[in-house]
Amino acid sequence: MPELPEVENARQVVERALGRVIAEVDDRDAFVCRPHAPGEIASALTGGRLVAAHRRGKAMWCEVEGADGEPGPPLGLHLGMSGRIIVTGPEGESASTYGGPARLGRREGDKPEWTRFTLCFDDGGELRLFDKRRLGRVRLDPDIDALGPDAGEITRAQFRACLAASSAPLKARLLDQHAIAGVGNLLADETLWQASLSPLRPADSLDEDAADELRRVLRRCIRSAIRRGGVHTGEVIEHRQAGDACPRCGAPMQRGTVGSRTTWWCSQEQAADR
């Protein structure tokens, strides 16, 4: 599942499509575009423009200006497990992203039938949702009200309150999208390893200074992952496997389940009392 950094990279690719007139929409994939019937999204968007691309946590959506210049329904774009946003220019050059920074060109093995949704612009370019596994989602007026503050923008007061309100394991609290939006399994493991905190520690056991430090580490990990191309680039991620050791102290990595997710941590620096 893409986490905040991957979705932010995708949002930056979508920005290449802003301001361009939508001449045609292919929304025939009723599964990806549910609950909309084929043609419903096309009717709402044709002749209009995408005017801004936004993100909160893992949710991404675009503001739309209709053909009459009035605001249209927002367009939600969800990458699913492995979807990519591809934007092409008038001359056919393209940028796409998922699990890495924007890059040009077509991946070897890509098949046209894996394109699930397309906006065709009047300049000849396109925006496409390319999704081999067909787990992405496109819909009008996406509901983001249930999401908590964005993990990269959450304030110190919000973060302190979020932790203090729950006795759940620290990792489980970070994964709760209603509390903090955008943290997934890998980002949580990387952040807690960087902070030398046990994923099993109760969230409300951190004092204000410790909560502030964890927030700083989380924001730093997010910025690094966006810059480097995704959460898979974290320092501890490649060591999340049996028989491996902590890259910082050399102690064995430990595996468990926290918040219903497979979790890895340093057996020494992230012991249960840390």
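The values are calculated or read from the model by the stated rules, or taken from the named source; none is laboratory data. Not measured: the values here are computed from a predicted model. Virtual Cβ from ideal backbone geometry, glycine too; neighbours counted across all protein chains shown.
Taken together, Arg219, Arg227 contain a single residue that is surrounded by fewer than 14 Cβ atoms within 10 Å (Cβ to Cβ), charged (D, E, K, R) and not in a loop (DSSP other than H, G, I, E, B), which is Arg227. Exactly one residue out of Thr115, Thr97 is of a type in the set (Val, Ile, Thr), outside the structural domain of Gly182 (by TED's automatic domain parsing), buried (at least 21 other Cβ atoms within 10 Å of the Cβ) and at pLDDT below 95: that is Thr97. Residues in region 1-53 that are without any contact (Cβ under 8 Å) to a residue 24 or more places away in the chain, of a type in the set (A, V, I, L, M, F, W, C) and surrounded by fewer than 17 Cβ atoms within 10 Å (Cβ to Cβ): Ala30, Ala37.
One line per residue, one yes/no per condition, for (1) assigned to a strand (DSSP E or B); (2) hydrophobic (A, V, I, L, M, F, W, C); (3) outside the structural domain of Arg116 (by TED's automatic domain parsing):
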{"site": "Asn9", "(1), (2), (3)": "no, no, no"}
{"site": "Val14", "(1), (2), (3)": "no, yes, no"}
{"site": "Gly47", "(1), (2), (3)": "no, no, no"}
{"site": "Gly72", "(1), (2), (3)": "yes, no, no"}
{"site": "Gly76", "(1), (2), (3)": "yes, no, no"}
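For Gly148, the requirement of being crowded, with 19+ Cβ neighbours inside 10 Å, of a type outside the set (Phe, Trp, Tyr), modelled with pLDDT of 95 or more and part of a loop (DSSP other than H, G, I, E, B) is not met. Screening region 130-143 for residues that are modelled with pLDDT under 95 and of a type in the set (A, V, I, L, M, F, W, C) and picking the one that is nearest to Ile86 (Cα to Cα) gives Phe130. Can you pull out the residues in region 121-131 that are crowded, with 19+ Cβ neighbours inside 10 Å and either farther than 18 Å from His36 by Cβ or outside the structural domain of Ala53 (by TED's automatic domain parsing) (or both)? Once the filter is applied, which keeps residues that are crowded, with 19+ Cβ neighbours inside 10 Å and either farther than 18 Å from His36 by Cβ or outside the structural domain of Ala53 (by TED's automatic domain parsing) (or both), region 121-131 yields Phe121, Gly125, Glu126, Phe130. Restrict the check to region 194-212 and report whether at least one residue is touching a helix residue (DSSP H, G or I) at 6+ places or on another chain (Cβ under 8 Å), under 19 Å from Gln268 (Cβ atoms) and assigned to a helix (DSSP H, G or I). Yes, there is a match, as at least one residue in region 194-212 is touching a helix residue (DSSP H, G or I) at 6+ places or on another chain (Cβ under 8 Å), under 19 Å from Gln268 (Cβ atoms) and assigned to a helix (DSSP H, G or I). Restricting Ala165, Ala157, Ala195, Ala151 to those that are of a type in the set (Gly, Ala, Ser) and under 22 Å from Ala59 (Cα atoms) reduces the list to Ala151. Of the candidates Ala157, Ala179, the single residue that is free of Cβ contacts under 8 Å to residues at least 60 places away in the same chain and surrounded by fewer than 17 Cβ atoms within 10 Å (Cβ to Cβ) is Ala157. Please enumerate the residues belonging to region 238-263 that are touching a helix residue (DSSP H, G or I) at 6+ places or on another chain (Cβ under 6 Å) and without any contact (Cβ under 8 Å) to a residue 60 or more places away in the chain. Scanning region 238-263 gives Pro247, Met253. Taking the criterion of being over 17 Å from Arg137 (Cα atoms) and hydrophobic (A, V, I, L, M, F, W, C), the residues of region 21-43 that qualify are Val21, Ile22, Ala23. Residues in region 2-27 that are out of contact with any Phe, Trp or Tyr (no Cβ under 9 Å at 6 or more places or on another chain) and basic (Lys, Arg) were compared, and the one that is modelled with the lowest pLDDT is Arg16.
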